[in-house]
Each structure stands twice: as structure tokens, then as C-alpha cells.
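The values are calculated or read from the model by the stated rules, or taken from the named source; none is laboratory data. The shown structure was predicted, so the numbers you read here are calculated from the model rather than taken from an experiment. No Cβ is skipped: glycine too gets one built from the backbone with ideal geometry, and neighbour counts run over all protein chains shown.
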Amino acid sequence: MGPPGAGKGTQGELLSERLRVPRLSTGDMLREARREGTALGRRVEGYMEAGELVPDALILDLIDERLEAAGTLDGFVMDGFPRTVAQAKGLVELLEDRGESLDAVVNLRVPEEELVRRLGARRVCAECGEITGPEAGRDCPECGGRLRERSDDRPETVRRRLQVYEKETRPVLRWYREGDVRVVDVDGTGTVEEVRRRLRDRLGR
Ligand code: AP5
């Protein structure tokens, strides 16, 4: 967990590679649905462009479907989910139905001015989804595809996403802290490698 630009996608990907388990990113799933022009993609477009959250029921259906498909016996890393207390409660039910539970909730902490700077600089590959910054130039370092800004990284949409995070998602962390899931706070500033090491040390694996 963490606000927009905290590094959830970047660190989530590294963690899933290290643990050899799938990363389930609701943001990536929704962007894929939009790219493919599915009914779900058309339904969520307006919310995402405005920086608002997609309704809980749609997200919980999506996670239910992906948990089924991903074969979660060896675990998973979730990125960008849950984002409301209703989603967090829904996740408990989905996991209980499968006889599973969360090991830890990671909270990446980054000051707001750094979040705004990172999102303004973010570039995403239109072909493979690789996330990078402007130093990469015009072409993706992974596959050579064209790098673009993400459409919800416009300054006014970033402001709204940060407000939505404070109102809807910060309470989820409070909810976890009051419960019995281990919440691991990690300083998300510094280089990607520094954060990766800090996260590994704090998680103990
Ligand atoms: P989503 O895609 O989840 O976006 P987000 O939470 O706003 O987070 P970001 O992807 O912007 O940032 P991140 O924390 O992953 O950072 P990243 O690693 O990319 O959601 C998008 C939209 O989908 C939502 O607004 C909503 O509409 C909808 N949605 C998704 N999930 C939902 C849900 N559960 N419920 C309802 N609606 C949902 O890094 C950012 C940049 O910083 C990159 O350029 C990266 O290269 C760079 N960077 C990363 N780490 C560092 C570092 N240590 N130093 C310098 N730069 C760094």
C-alpha cells in the first residue's frame, strides 16, 4: 500500500520476482481492460481519468476472478488493492473461502512533494507496460516500444488521486493496524535499490 507514486508497482514487481509469486495489480488489470476495450474497460474509464476509485463491487469481482486464475497456493503480492475498508473486508472473505490469509501489509511512505515529482516524471511503455522515468528517453529499455506519460498523471488528476488516497485509503491502514495483520512500514524514499533492500530487511525475506 501507499499513495500514488509511492513505488507500489516498482517494488511490487521486484518482490513478486524475489518470492516467485504472481503480482496482482488492480491498476494494471483495469488499464489492460481499457486497452482491450472490454465492457469492464469502458465502465471504468471515466473513474480512472478523473482520479476517482472504481466501485468496490467491480474490483472485488476482478480480484475474485484473478485469485481463481492465478493459482494462489504459493502466495501472491497485491498492488493497489485494497483501497477502501469495504475492499479490505471483502478480501478477508475471499481469502477465508480459500483457507488463506495475509502475511503482511506493506506501507510505503513517501512525502507528497516527492510523489508529485515522480508522477510528473513517470513514463510507461505502451507495448510491455515497463515503468520508467524521463532519463530512459523515447524508447522502452526493455522492449524498444514507445514510452508515454500515463493519462492520469496530469497535475489536476494527481491532486485528486492524492485527495482520494487520504479520504478512502488511509483509513484502510488504520483498519489493518487495529486488527491482527502485521503492518510493515517502509521508508519509500531513496533509490529503487535502497527501498528494495529496506523492504527485504523489514519483511525478513
Ligand atoms: P494504480 O495504477 O494502482 O495507481 P496508483 O495507486 O495511483 O499508483 P501509481 O501506479 O501511480 O504509483 P505506484 O505507487 O505504483 O508507483 P510506481 O511504482 O508506478 O491505480 C490507477 C487508478 O485505477 C486509480 O486511480 C483508480 O481509478 C483505479 N484503481 C486501481 N485499483 C483500484 C482499487 N483497488 N479500487 C478502486 N479503484 C482502483 O512509481 C511511480 C514513478 O516513480 C515511476 O516513474 C517509477 O519509475 C518512479 N519510482 C519508483 N520508485 C522510485 C524511487 N525509489 N525513486 C525514484 N523514482 C521512483
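Could you list, in sequence order, the residues of segment 169-195 that are in a helix (DSSP H, G or I) and either touching a Phe, Trp or Tyr at 6+ places or on another chain (Cβ under 7 Å) or surrounded by fewer than 18 Cβ atoms within 10 Å (Cβ to Cβ) (or both)? Break it down into steps so the answer makes sense when it comes.
Of segment 169-195, the ones in a helix (DSSP H, G or I) are 169-178, 192-195.
Scanning segment 169-195 gives Arg170, Pro171, Leu173, Arg174, Trp175, Arg177, Glu178, Val192, Glu193, Glu194.
Please verify whether Arg43 is more than 9 Å from the ligand (Cβ to nearest atom), surrounded by fewer than 22 Cβ atoms within 10 Å (Cβ to Cβ), under 14 Å from Ile63 (Cα atoms) and of a type in the set (Lys, Arg), treating the condition exactly as stated.
So Arg43 does not fit the description; no.
So which residues in segment 51-75 are over 13 Å from the mean Cα position of the chain (by Cα) and touching a residue at least 60 places away in the same chain (Cβ under 8 Å), if there are any at all?
Passing the criteria: Gly51, Glu52.
Could you count how many residues in segment 147-197 are within 10 Å of the ligand (Cβ to nearest atom), among the basic types (Lys, Arg) and over 16 Å from the mean Cα position of the chain (by Cα)?
Qualifying residue count, segment 147-197: 1.
Yes or no: segment 97-106 includes at least one residue that is under 20 Å from Gly5 (Cβ atoms) and under 17 Å from the mean Cα position of the chain (by Cα).
Looking through segment 97-106, at least one residue is under 20 Å from Gly5 (Cβ atoms) and under 17 Å from the mean Cα position of the chain (by Cα).
Asp201 is checked against (1) in a loop (DSSP other than H, G, I, E, B); (2) modelled with pLDDT of 95 or more; (3) away from the ligand (no atom under 15 Å from the Cβ); (4) of a type outside the set (A, V, I, L, M) and fails just one. What number does that condition carry?
Every listed condition holds for Asp201 apart from (1).
Of all residues in segment 107-134 being more than 10 Å from the ligand (Cβ to nearest atom) and over 22 Å from Arg31 (Cβ atoms), which is surrounded by the fewest Cβ atoms within 10 Å (Cβ to Cβ)?
So the residue we want is Glu113.
Go through (1) part of a helix (DSSP H, G or I); (2) more than 10 Å from the ligand (Cβ to nearest atom); (3) not aromatic (Phe, Trp, Tyr) one by one and return the number of the condition Val21 breaks.
(1)
Looking only at segment 1-18, which residues are assigned to a helix (DSSP H, G or I) and under 22 Å from Arg154 (Cα atoms)?
Selection gives Lys8, Gly9, Thr10.
Can you list residue pairs whose Cβ atoms sit under 7 Å apart, with the first residue in segment 16-44 being farther than 20 Å from Ala69 by Cα and the second being of a type outside the set (Ser, Thr, Tyr) and in a loop (DSSP other than H, G, I, E, B)? Count only pairs 6 or more apart in sequence or on different chains.
Hits for this filter: Val44/Val54.
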